[in-house]
Every structure is written in C-alpha cells, then in structure tokens.
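The values are calculated or read from the model by the stated rules, or taken from the named source; none is laboratory data. Computed from a predicted model, the values in this text were never measured in an experiment. In this analysis, Cβ positions are derived from the backbone assuming ideal geometry, glycine residues included, and neighbour counts consider all displayed protein chains. SASA here: full protein model, heavy atoms, side chains in, ligands and nucleic acids out. Shrake-Rupley method; radii C 1.70, N 1.55, O 1.52, S 1.80 Å.
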Amino acid sequence: MTNIATESEVRVKGKLAKQASYVMNVKTTEEKNDALLKISAQLIEDQNKIIEENKKDLVNGKEKGLPDSTLDRIMLNETRIQAMADAIKELIALEDPVGELLESTTKDNGLLIEKRRVPIGVIGMIYEARPNVTIDAATLSLKTGNAVILRGSSSAKHSNMELVATIHRALAKTNLPLEAVQLIEDTSHETAKELFNLNEYLDVLIPRGGKALIDLVVRESSVPVLETGAGNCHVYVDETANYEMVTKIIINAKTQRPSVCNAMESLLIQRNWFEGNGEKLLNELNTLDIKIIGDESVCSVSPAATLATEEDYATEFLSLTMSVKIVENVMEAIEHINIYGTNHSEAIITEDAIAAQTFLTGVDAAAVYHNASTRFTDGFEYGYGAEIGISTQKLHARGPMGLPALTSTKYFIHGNGQIRG
C-alpha cells in the first residue's frame with residue numbers, strides 16, 4: 001500500500017469499515033455464505049503464496065529469538081490452511097443468527113414489539129502471533145453481517161497481509177464490499193493506541209493474545225472491550241480419581257498443543273492420592289520432557305522438580321512446563337484456582353459426584369470440566385465453527401464466542417397509527 005501516516009491509515013480504514021458495515025446490514029444469508037465459500041476455496045488456491053509469506057515471518061521470528069511456542073502459533077502449512085478452509089465450510093452450515101426473533105409481544109393498543117438479533121457493526125480485532133485469527137475473525141464477522149478491522153502483530157505481518165489479500169480476492173467475486181475486511185498494516189504501538197480510542201468508527205474491540213496485551217487493552221481502551229483472557233488452566237486430581245484417566249487427561253491437556261490458551265498450566269493433586277500415586281505420575285511426566293515446578297511435597301519425590309514460587313502458580317507457561325501443588329481437599333483446590341486462575345477453563349478428575357459438583361459450582365471460570373481435558377474449550381469443539389476468541393468476562397458473552405456473540409439486539413415495532421396519549 002502507499003505510505004499513509006499511522007493516524008490516517010487507522011482513521012481512513014475505520015471510516016471505510018463503518019461505511020461497509022451499513023452495506024453488510026442488508027446482505028442476505030445466501031450472499032454471506034456465498035462469500036464464505038469463495039474465501040474457503042481461495043485459501044486453497046492461494047496456499048503456496050500464503051506459506052511463502054508465512055516463511056518470512058518464521059525466519060524473522062527465529063532471528064529475533066521468539067520462543068518455539070510463539071513460532072508454532074505463527075506457523076502455517078498445508079494441513080493448517082486446509083483446516084482453516086474446512087472450518088469456514090462448517091461456519092457456512094451454521095444457522096445465521098442475524099434476524100433471529102428473541103422476544104415478541106403484542107400490547108393492548110395493538111403494537112407488535114419484536115426483539116431480534118442484528119450485527120454489532122464494526123469489530124476491531126487486536127491480536128498477537130496468530131495468523132489463523134485473521135481468517136476466523138474475518139469470516140465470523142462477515143457471517144454475522146459485521147465489518148472488521150484487523151490489527152495483528154509484527155511477528156505475523158507477512159502472513160496476515162497475504163491472508164487479507166486472499167480474502168479480498170474472494171470478496172471481489174461476490175456482492176459483499178471488500179472494505180468489510182480491513183487490515184492495519186502498520187504494527188507500531190501507535191496504531192494500537194489509536195484503535196483504543198476509535199470510538200467514532202469501532203463498536204467493540206476484541207483483544208486476543210497474552211495477558212499483557214489483554215490487560216493493556218482493557219486498561220487503556222475507551223472503545224467497549226470484549227475481553228478474551230489468558231489461560232492459566234488447572235486440572236485438579238481428587239482423592240477418588242482413576243490413575244489411567246488422570247494420566248490420559250493430563251498428558252492430553254498439557255502436551256497435545258502446549259502453546260494454546262486452553263492447555264493445562266497448573267496441576268493440583270489431593271494429598272492422599274499423591275501419596276499413593278504421585279511419584280509414579282511425576283516420573284511418567286518427566287519421560288515426556290515436561291518440566292515440573294512444584295511445592296515441597298512434589299520436590300521431595302521428584303528430583304527433577306524445582307521449587308515453585310507464588311509467581312509460578314500464576315504463570316501461563318505456553319510450553320512443556322507446569323506448576324504442581326498438593327492440596328488437602330476440593331475446597332482448597334477451588335480456593336487456589338480462584339486466586340491464581342484466569343477464569344478460562346478448569347477441570348476436576350474424580351469418581352465422587354459430590355466433589356465434582358462442588359468443584360464445577362465453586363470454580364469461577366468460563367468452562368468447567370469433570371473427567372475431561374481442558375483442551376475442549378474451543379468454538380469448533382462446541383459446535384460454533386470458528387471462534388472469535390474465548391471470553392473470560394461475564395457481560396455480553398462468556399466462553400468460546402461463536403456467531404451469536406457477534407450480534408447485538410434491536411427492537412422492531414409494528415403499528416397501525418398508534419400514538420401515545
């Protein structure tokens with residue numbers, strides 16, 4: 001693109017997105033689904049270009065010394081691009097929430113008052129090292145009749161630019177405006193700060209990334225924020241837990257993809273269970289190259305473990321590192337999680353139904369699990385198709401945010417000449 005000052009790029013693209021949002025308001029489900037289908041096909045057609053641009057980001061990332069967990073989030077290959085294209089087809093198959101009738105009442109004076117879902121308008125996305133978010137955010141926004149302004153990080157700049165170019169090539173073949181998907185190409189801190197205060201054009205700002213980014217957006221944005229949280233996710237092993245189930249769930253929750261927000265970071269173990277099974281479990285985890293940071297009881301039976309600090313219990317490691325703490329009972333586990341957790345996803349492994357219900361009710365989190373891995377906290381797994389993020393707040397939306405979370409409501413009132421006396 002031509003050289004445009006940071007402020008003018010943000011404001012010009014904000015204005016274009018706002019204008020596009022008015023056009024999107026009147027687009028039909030068929031028009032939106034047709035655009036999504038073309039984006040899915042264009043991704044496969046352009047995959048070689050996308051991978052080449054992604055390689056530039058990976059090379060730059062390695063030169064800058066980015067950790068392997070970050071490089072894994074940035075990396076795109078044919079398998080991941082195919083998964084993105086498939087996810088769009090899943091999205092097409094989902095019901096369009098726009099226009100859904102939520103409430104209807106007819107007053108004594110004959111007025112018909114309907115409450116329906118409508119698009120939010122212009123969604124701002126600010127995210128880190130996750131080029132897949134470019135596709136997720138764009139397609140979810142288009143499906144719900146919204147425009148979106150994307151602002152990724154410098155670590156995935158080339159990938160994001162090529163992905164948006166792919167989206168625009170697809171939209172050029174449809175009745176949807178290209179301006180409905182905008183990318184802020186300047187990844188400086190100044191553009192982020194300008195988005196925080198772009199109230200004239202943005203209706204909501206959604207941060208997706210690490211805790212530092214999310215805290216910054218929540219603290220400094222005057223645009224309403226839909227908060228997606230970091231994931232210091234816990235698994236609590238209760239006294240009655242089955243050993244085989246414990247190992248299966250913990251290994252999956254920690255190792256299946258350690259760099260994502262729904263991976264387990266902290267393990268809590270009831271003391272009696274630990275005394276009977278703890279050393280065996282820790283040895284098994286050590287063979288998988290999992291680094292254990294634990295309390296004194298853990299360190300006493302695992303020579304490879306290092307002593308945990310208060311900061312460790314609050315850390316989202318995003319790697320093959322976990323904190324391990326021994327607790328006396330389910331209530332102590334709940335207390336620990338409510339202090340150190342991030343309101344994301346928490347799990348209990350137990351055969352005791354009362355302990356399970358106590359945990360599920362007492363833990364303050366968007367998703368709580370009994371005898372299952374935290375890795376299931378995901379829009380696709382919940383049947384929403386791609387997700388815009390996982391909300392850890394309690395207003396508007398909570399947990400994986402699919403299509404309904406990207407809508408607002410509007411009252412439609414039908415009369416035949418009524419006036420208020």
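Please indicate, with yes or no, whether at least one residue in the range 104-122 is open to solvent by less than 10 Å² (accessible area, probe 1.4 Å), assigned to a strand (DSSP E or B) and not hydroxyl-bearing (Ser, Thr, Tyr). The answer is yes, given that some residue of the range 104-122 is open to solvent by less than 10 Å² (accessible area, probe 1.4 Å), assigned to a strand (DSSP E or B) and not hydroxyl-bearing (Ser, Thr, Tyr). Taken over the range 175-190, the criterion of being under 15 Å from ALA138 (Cα atoms) and either touching a strand residue (DSSP E or B) at 6+ places or on another chain (Cβ under 8 Å) or not aliphatic (A, V, I, L, M) (or both) is satisfied by PRO177, GLU179, ALA180, VAL181, GLN182, LEU183, ILE184.
When the residues of the range 311-344 are filtered to those that are among the charged types (D, E, K, R) and at pLDDT 95 or above, the one that is farthest from GLU239 (Cα to Cα) is GLU311. Of the set (1) open to solvent by 50 Å² or more (accessible area, probe 1.4 Å); (2) more than 22 Å from the chain's Cα centre (by Cα); (3) among the polar types (S, T, N, Q), all apply to THR79 but (2).
Kindly establish whether ALA20 is surrounded by 15 or more Cβ atoms within 10 Å (Cβ to Cβ), touching a helix residue (DSSP H, G or I) at 6+ places or on another chain (Cβ under 6 Å) and in a helix (DSSP H, G or I). Criteria met by ALA20.
Could you list all residues from the range 263-305 that are closer than 28 Å to GLY209 by Cα and either modelled with pLDDT under 95 or open to solvent by 10 Å² or more (accessible area, probe 1.4 Å) (or both)? LEU288, ASP289, LYS291, ILE293 - these are the residues of the range 263-305 that are closer than 28 Å to GLY209 by Cα and either modelled with pLDDT under 95 or open to solvent by 10 Å² or more (accessible area, probe 1.4 Å) (or both).
Out of PRO119, PRO177, PRO131, which single residue is within 19 Å of GLY402 (Cα to Cα) and more than 19 Å from the chain's Cα centre (by Cα)?
Details: PRO177 fails: within 19 Å of GLY402 (Cα to Cα); PRO131 fails: more than 19 Å from the chain's Cα centre (by Cα).
Checking each option against the conditions leaves just PRO119.
Looking at the range 290-300, is at least one residue polar (S, T, N, Q), assigned to a helix (DSSP H, G or I) and within 19 Å of THR255 (Cα to Cα)?
The initial filter retains those residues of the range 290-300 that are polar (S, T, N, Q), namely 297, 300.
Those still in the list that are assigned to a helix (DSSP H, G or I) too: 297, 300.
Of the ones still in play, those that are also within 19 Å of THR255 (Cα to Cα) are none.
No.
Do we have any residue at all in the range 123-135 that's touching a Phe, Trp or Tyr at 6+ places or on another chain (Cβ under 9 Å) and within 18 Å of ILE88 (Cβ to Cβ)? Yes, the conditions are met somewhere in the range 123-135.
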